[in-house]
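All remarks here apply to the structure that follows.
Just so it is clear, none of the values below were taken in a lab; they were calculated from the coordinates. None of the values given here were measured: they were computed from a predicted structure.
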Amino acid sequence: MADRLDSTVALVTGASSGIGEATALELAAHGANVAIAARRRDRLDDLAERIRDVGVDALVLETDVTDEASVRAMVSETVARFGRLDTVVANAGVMLLGPVENAPVQEWERMIDLNLKGLLYTAHAALPHLLAAAESEPRNVTDLILISSVAGRVARLGNGVYTLTKHGVGAFAESLRQEVTKRHVRVSLIEPGAVATELASHNRPEILAATQARLAGVERLEAVDIAEAISFVVTRPRRVAVNEVLIRPTEQEG
């Protein structure tokens, strides 16, 4: 079947919950062996069992993507175990909202470290292996999926630094796409709107309350909705590159 990923290998960061978890399961269902990376080992172990239940292999990688050495080890262990790397989903990220005035600067540093530097480390370490796999069977094409946000397109009051990081992801994705596309590494940007995951829960209580009020009455996306979009992107024929996907809940205005 054209949409199968048999004999390929995927690596998903931020795989212990939400979009990362759902994506790992979705890619496994399409036949890929999946390396799953995050800091919460217990959740990864449980996910690995569910992946193996669909008949493919899983590799658990306890990883802090803000640490470059940890990221390089993550990629090296994946290739050592499976022999190749065909799909990378750089999903790990954090959303810490609030006004700039009197903001805890540590929140900014955390977003820059995870949303930007962690993603850059992942792309940099994985790229040689994606380029190599793109030259071989079974598909002769590979995919780097970068998870951004609606905030990568729309600046909104109270999300200045989060928006900064996600705009940066979009700019990086487009520049890298131009660099590697003729070598059949497809770089794709996924921009979800409001999704029912743990992402917002890391905010300070007053910020979380304001976010919930803003989205009151909106039926949020499920993580599987994003995972299915990612699987659509990576299962396209070699001639098709889906470079950008913006996905909002039907009722979300901005």
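For the range 99-113, in order, what is each residue's ³J(HN,Hα) by Karplus, 6.51 cos²θ - 1.76 cosθ + 1.60 with θ = phi - 60°, in whole Hz (x at glycine and Pro)?
x, 5, 4, 6, 5, x, 4, 4, 5, 4, 4, 5, 5, 5, 5
Averaged over all directions, how much area does the convex hull of the C-alpha atoms of the range 40-190 cover when projected, in nm²?
9.9 nm²
If the range 50-91 were replaced by its equivalent ellipsoid, with semi-axes equal to the square roots of 5 times the Cα gyration tensor eigenvalues, what would those be, largest first, whole Å?
Equivalent ellipsoid semi-axes, largest first: 20, 12, 10 Å.
Using the C-alpha gyration tensor of the range 166-254, what are the square roots of 5 times its eigenvalues, in whole angstrom, with the largest one first?
Ellipsoid half-lengths, sorted descending, are 31, 15, 10 Å.
Show that you can apply the helix-only estimate: for the chain, add -39,500 (n - 2.57) for every DSSP H stretch of four or more residues, divide by all residues, and state [θ] at 222 nm to the nearest 500.
Rounded to the nearest 500, it is -13000 deg cm²/dmol.
Over the Cα atoms of the chain, Rg to Rh with Kirkwood Rh, two decimal places? Please report the intermediate quantities before stating the final value.
On the way: Rg = 17.4 Å, Rh = 18.2 Å.
With Rh from the inverse mean 1/r over Cα pairs, Rg/Rh is 0.95.
Kindly provide the pair-distance distribution of the range 1-91 built from C-alpha pairs, with 5 Å bins from 0 and whole-percent values in order of increasing distance.
Reading the bins upward from 0: 3, 17, 29, 27, 17, 5, 2, 0.
Can you run phi through the Karplus equation (6.51, -1.76, 1.60; θ = phi - 60°) for the range 144-149 and list ³J(HN,Hα) in whole Hz, with x for Gly and Pro?
Here the 3J(HN,Hα) series is 10, 9, 10, 8, 10, 5 Hz.
With helices defined as uninterrupted DSSP H runs, which ones in the chain have an alpha carbon span along their own long axis of at least 15 Å and mean Kyte-Doolittle hydropathy of at least -1.0?
Flagged H segments are 18-29, 68-82, 119-133, 160-180, 223-234.
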